[in-house]
Amino acid sequence: MKPQPAPRLPMNEHSERVVLGNLLFDNAHWEQAKVLETGDFSLHTHQRIFACIRSRLSVGRPIDHILLIDAMRRAKECTDRDAAYISDLGNDLLNRVFSMESHVELLREKAALRRIIGACHDASVRAYAEDSSAQIAESLINHIEGKP
């Protein structure tokens with residue numbers, strides 16, 4: 001019997017691109033996207049991009065793809081490859097959608113599923129280590145709720 005590949009973690013790269021692209025195109029979308037956390041994005045590149053966008057928009061400073069590249073370069077967070085990717089995000093007309101809320105909600109849902117998977121993995125490791133069931137249950141609940 002052939003070994004099965006490990007399943008991919010829940011994510012939607014296109015929705016991540018849509019959210020980032022829309023924020024760069026129209027900063028007014030921040031009202032819908034400010035509920036997102038950096039960890040709601042599954043790709044590390046998207047996490048870094050969102051962190052920079054959030055740092056500007058949350059204090060009322062505008063952002064577009066040129067300002068984003070400049071800010072990330074000053075922070076030594078932007079390679080030439082990243083700059084090309086960000087330019088694509090800012091220029092990609094396919095990222096312009098009218099259902100920003102739906103994409104934000106989809107990202108939050110996928111992130112919640114990844115947290116549940118992580119919590120279950122941690123719980124199984126602790127169970128094999130024979131921790132108490134009460135400690136495992138408490139850890140599961142805290143992990144899923146995002147508590148330390």
Open item on the list: Among 137, 117, 44, whose Cα projects farthest towards the positive end of the dipole of region 13-145, with charges put on the beta-carbon of Lys, Arg (+1) and Asp, Glu (-1)?
Closed with: 44
Task: Mean Cβ count within 10 Å, highest first, over the residues of peptides 5-11, 130-136 - done: 130-136, 5-11
TODO: Could you work out the per residue convex hull volume over the alpha carbons of region 13-145, in cubic angstrom?
DONE: 122 Å³
Task: 13 Å Cα-Cα reach of residue 34 towards aspartates and glutamates, excluding residues that sit fewer than 8 places from it in its own chain - done: 101, 105
TODO: Work out from phi, with θ = phi - 60° and the Karplus expression 6.51 cos²θ - 1.76 cosθ + 1.60, the ³J(HN,Hα) of each residue of region 106-123, listed in order in whole Hz, and give x for Gly and Pro.
DONE: 4, 5, 5, 5, 5, 5, 5, 5, 5, 5, 5, 4, x, 5, 5, 4, 4, 5
- [ ] Sum -39500 (n - 2.57) across every DSSP H segment of at least 4 residues in the chain, then divide by the residue count to get the 222 nm mean residue ellipticity, nearest 500.
- [x] -20500 deg cm²/dmol
TODO: Treating only the Cβ atoms of Lys and Arg (+1) and Asp and Glu (-1) as charged, compute the dipole magnitude of region 13-145 about its Cα centre; round to the nearest 20 debye.
DONE: 400 debye
Task: Residue list for region 22-42, given a label point 7 angstrom along the Cα-to-Cβ vector of residue 121 and an amide N cut-off under 14 Å - done: 42
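Bear in mind that the values in this text are calculations on the coordinates, not laboratory data. Note that the structure is predicted; figures quoted are calculated from it, not measured. Here the Cβ is made from the backbone with ideal geometry for all residues, glycine too, and neighbour counts use every protein chain on show.
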